[in-house]
Every structure is written in structure tokens, then in C-alpha cells.
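Undergrad: Attaching a single structure in C-alpha cells format; questions to follow.
The values are calculated or read from the model by the stated rules, or taken from the named source; none is laboratory data. Just so it is clear, the model here is predicted, and its values are computed rather than measured. Using ideal geometry, Cβ is built from the backbone for each residue, glycine included, and neighbour counts are taken over all protein chains shown.
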Amino acid sequence: MRDEDRQIVRDLDLFRDMDEMRFDGLLNAAFLQQFPERVTLIEEGGRADFLHVVIDGFVELFACLDGRESTMTVLAPVSTFILAAVLKDAVYLMSARTKAPARILMIPAQNVRGAMEDDDAFARSIVQELASCYRGVVRNQKNIKLRTGVERLASYLAHQHVRQGANGKLALPIDKKTLASMLGMTPENLSRAFSMLRRNGVAVKGPEITIESADELIEVARHAPLIDNLEARVQK
């Protein structure tokens, strides 16, 4: 790995406090690979052989049942998936595919489990990571169950606006069909939701979004600190 890539991984909360030799051992056993767009990386029901780290690009986590498919989330750099299956030596509950050309670090699952047993600091970081993931799932469930489609879209745009500099403009990082699935909507409902947000100063031109008033967008979303995480993103 290039030194800058190694440091990117090292700076993740999951690996930051690891013993240096054990961290080097994990990376020596890992594979860093470049994947084109729309490559399936893992399939639900398959054994968790690797912990994946998204270095560049976007990865979609999705699930299927009886011909129906739903996007669970889309991961941006730098993030890991799917830690729980790796630790339990269990099967994946979701599939993953690249949404753009991506560089993925693949760390053998058995090495991750071995490092957890030998490195107390790493074990504590794993607990923190899993706790954060659990809280993220709860926030997402509350978002889906307690908000209307328009409110969910407004919340998503508000978060993206903060992530991308809060300067009144943003670019959708994923296509609208995937966005609709992730928000629990049909493409038609998403289109109507965008139309309804025009009255609140949201202008759409392809993937480019212009926002006249971030405060008004947050108000439409019925901003709730126990669902949203905007304050933490602003601090970052």
C-alpha cells in the first residue's frame, strides 16, 4: 500500500489505537484492489471471508427477496463493511456492489478476529464501532418510520449539504433510482417529493441541487437531534 493509503486506514476510529505491529500484520495480509463500477463485491448468504474498507469510490449495500431489491445504504470513503458478520464468522445479511470505480482494501476475517483477541485496544475500538453502527441503524429506522417521503428527502439533502460544504449547492453522489430505494420510496414518489420541495427553494438540474435556505430545508425535514446527526457533521 502507498503510505498515504496506509495512513487513511490507520486514521479510522476502528484501527487508530491498535498496536503498531498488529496493525502492520493486518495490512500485510490484506489486498488492495481496484474495481470498476457495478461489480458485486459480496453476496448475502455468503460467508464473511473479508472485512472491506472503502478507500475510494462508492459502495451500495442492498438486499433482495423474491425478485424485489432494496438499497440499504451507500458507503463513501473511508468506511468499513460488514464488521458484525466478520466477527461472528457468519454469513452476510446484505450484498454489496460498487456504484463507481472504487478501491477496496480487503482484510482476511480470521486476521481481524485474531487481532481482536490479542489487542485490547482494538477490541475496545470494535465495541465502539459496533455501538455506532447500532445507533446508526436506530436513527435510520426512526427516519423511515416517523417521517414522510418529503421529510426524508429534505433530511437527506440537508445532510449532503453539510457534507459538501454548506454553500448552497450540492451534487447527488448516487443516481436518483438508488436514492429512492434507500429512502424507502419509488422513483415516482421521489420525483414528486423533489417537485414539492421547489416551494422551499430547492432547485434540481440533473444531479446538481441548489438550496436557497438550508434552515428552511431543515425545518421541512422536522429536524430532530435524536434522528439526525447534523450537529456532529458541522463540528467535523
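Undergrad: Does residue 21 meet the test of being in contact (Cβ under 8 Å) with a residue 12 or more places away in the chain and either outside the structural domain of residue 115 (by TED's automatic domain parsing) or more than 16 Å from residue 125 (Cα to Cα) (or both)?
TA: So residue 21 fails the test.
Undergrad: Being surrounded by 14 or more Cβ atoms within 10 Å (Cβ to Cβ) and closer than 29 Å to residue 138 by Cβ narrows it down to one of 32, 51, so name that one.
TA: On inspection, the qualifying residue turns out to be 51.
Undergrad: What tally of residues in the range 74-116 results from selecting those that are among the small types (Gly, Ala, Ser) and either closer than 21 Å to residue 156 by Cβ or in contact with a Cys (Cβ under 9 Å, 6 or more places away or on another chain) (or both)?
TA: 6
Undergrad: Checking the conditions here, which among 34, 7 is assigned to a helix (DSSP H, G or I) and farther than 17 Å from residue 111 by Cβ?
TA: 7
Undergrad: Then there is this: Which pairs turn up if I take residues in the range 137-162 that are without any contact (Cβ under 8 Å) to a residue 60 or more places away in the chain and look for partners that are of a type in the set (Gly, Ala, Ser) and surrounded by fewer than 19 Cβ atoms within 10 Å (Cβ to Cβ) with beta carbon separation below 6 Å, at least 6 apart in sequence or on another chain?
TA: 144/184; 161/214
Undergrad: Turning to a different aspect of this structure: Please enumerate the residues belonging to the range 151-167 that are at positive phi and either aliphatic (A, V, I, L, M) or at pLDDT 95 or above (or both).
TA: 166
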